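The values are calculated or read from the model by the stated rules, or taken from the named source; none is laboratory data. Remember, it's a predicted structure, so these values are computed and weren't measured experimentally. Methodologically, a virtual Cβ is constructed for each residue, glycine included, from the backbone with ideal geometry; neighbour enumeration extends over all protein chains shown.
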Amino acid sequence: MKILIVDDESDICELIGFIVQDIFPSDTDTLLAYSGNEAIKILKENDDIEICICDHNMADGMGPDVLKYLIEVKSKTKFVLCSTVIPSDKPNDYPAGFVYTNIQKPEIGIGIEHLFHLVEKSMLEKLKCMSDEFFPVKVHVLSLMEALPADIYIRMSDNKFIKCINQSEEFSSADKEKYTQKFVAELYMKKGEHSPSVNEIILDTVQKIMERRNLPLTEKLNIAHSQLVVLIKFTGITPELAESSKKNIQQSVALIMKNPLAADFWKEMNFLGEYPSTLYTLHSLLASIVVKKLHWSSEATMYKLSLSAFLQDISLDSIPLMEICDNQEFIEKQSRFTPAEVKKYLEHPQRAIEVLASFKEIPPDVDRLLLEQHEMPDGTGFPRKLNANQLGPLTCVFIITGIFARHILKDKSSFDVGAFAILLEGKGYSRGNFKESFEVIKSMRKI
């Protein structure tokens, strides 16, 4: 039996795989995908996948996209929703009759057991008599546990296993590094040896991973900022500018968190994972770099850009909508969204202005940056239909660095500044008041 597991939190994805291998027969094959679009690609290449256990909210293709694909191709793969969301919460995304069952996070162990009992006996009968004595556990999963629930074995040959770590010992970072360097991706547990509390240990681990999504915003930003400075060294960022941008980001967030309306937005954002805080931190950082290279980098200017970055999507609650770079891309992808989502996206610049009005102290120009964030060089953007000559230079910095940030997060290690510059030029972002910002980006090195 093949089971596809889909979750953009790699730790959660691998833990689900571990639980499946523990509960299902030992020759069950688990495939892992870290986005909806990756899952669809795997499904296209493997027509014998019998179960797809899938998260709802993911950055690159969501749960409904995976289910829609399965329905369109009339696949026999059983779709299982594994999320804090349940199918009845979103009947349009998960129509009745197409979801085999759902697993409610963080109770993943119980949900997998329930799934096991639901699977038809005819599918499992043959598998049950093929049980092996040992089952594999990913090295990464072991490193997440505070105390090992059973003795751990290393496989020397097809039928030879040697104990390498005792039950209750810690699987240290040194252990993880040792096995990783030896290209050992999996160690083994012996069936029947693991303690009765293994599910409790797994549940505790799952909860700790999920709690990362609930980190205070300031902690998220410190983590994101340090990671992003490393990621975008191709920009030529200096330590002084990195520190200055961090200060402006912290100042922006401090102001936002004083406002009850904006603070409530960020509480909701915590349930969407790390993408929003990473995106807005990167947007702020890139905007600071561009204005620095243009010699416009007063503290006031950098603060305006940073504050605007963190307020730009104040009314959105969908990562796929946040990922959209400009109005051209929105028009191309509009059919993927519900009428309510389309309406929300088209209204969100004005909604950001309304939230901004509830603040007591706001520097000038922030309202303009927010309102014009989705204008296009050719005047086909919204809501004001301004073109590259009508938009102010600072607005152009904000727009182009927002696109820049989204492309970096999409492509990460394969991001190429040269290819990105060609894309921008093709869309007209090298003309009018975009020209100076475009030339700065074009001059940057490849990652």
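Condition test on SER35, is it crowded, with 19+ Cβ neighbours inside 10 Å and not charged (D, E, K, R)? So SER35 fits the description; yes.
Here the condition is being under 22 Å from SER298 (Cβ atoms) and out of contact with any helix residue (DSSP H, G or I) (no Cβ under 8 Å at 6 or more places or on another chain); of LYS435, LYS385, it holds for LYS435 alone. Restricting the stretch 343-367 to residues that are without any contact (Cβ under 8 Å) to a residue 40 or more places away in the chain and buried (at least 18 other Cβ atoms within 10 Å of the Cβ), the residue that is farthest from the chain's Cα centre (by Cα) is PRO349. Here ILE331 passes the criteria (1) at pLDDT below 90; (2) farther than 15 Å from ILE256 by Cβ; (3) among the β-branched types (Val, Ile, Thr) except the one numbered (1). Picking from LEU31, LEU81, which residue would you name as being free of Cβ contacts under 8 Å to residues at least 40 places away in the same chain and closer than 20 Å to VAL141 by Cα? Result of the check over LEU31, LEU81: LEU31. Within the stretch 366-403, how many residues turn out to be under 17 Å from SER437 (Cα atoms) and not aliphatic (A, V, I, L, M)? Going through the stretch 366-403 one residue at a time, the tally reaches 16. Within the stretch 85-94, the set of residues being surrounded by 14 or more Cβ atoms within 10 Å (Cβ to Cβ), more than 15 Å from VAL6 (Cβ to Cβ) and either touching a residue at least 24 places away in the same chain (Cβ under 8 Å) or β-branched (Val, Ile, Thr) (or both) comprises ILE86, LYS90. Here is the figure for the stretch 423-447: residues that are in contact with an Asp or Glu (Cβ under 9 Å, 6 or more places away or on another chain), in a helix (DSSP H, G or I) and at pLDDT 95 or above total 1. Restricting the search to helices (runs of 4 or more DSSP H) fully inside the stretch 275-342 and requiring at least 2 residues that are more than 16 Å from ILE232 (Cβ to Cβ), of a type outside the set (Ser, Thr, Tyr) and touching a residue at least 12 places away in the same chain (Cβ under 8 Å) gives 299-311, 319-322, 327-333. Looking across SER318, SER298, SER308, one residue alone is hydroxyl-bearing (Ser, Thr, Tyr), touching an Asp or Glu at 6+ places or on another chain (Cβ under 8 Å) and more than 23 Å from ARG445 (Cβ to Cβ). It is SER318. Here HIS56 meets the list (1) under 17 Å from VAL141 (Cα atoms); (2) touching a Gly at 6+ places or on another chain (Cβ under 6 Å) almost entirely, failing just condition (1). Quick check on GLY418: is it surrounded by 15 or more Cβ atoms within 10 Å (Cβ to Cβ) and among the small types (Gly, Ala, Ser)? Answer is no for this residue. Scoring LEU394 on the criteria (1) over 25 Å from ALA263 (Cβ atoms); (2) assigned to a loop (DSSP other than H, G, I, E, B); (3) of a type in the set (A, V, I, L, M, F, W, C) leaves a single failure, condition (2). Select from the stretch 66-111 the residues that are at pLDDT 90 or above, in a helix (DSSP H, G or I) and among the hydrophobic types (A, V, I, L, M, F, W, C) and list them in ascending order. Hits for the stretch 66-111 are VAL66, LEU67, LEU70, ILE71.
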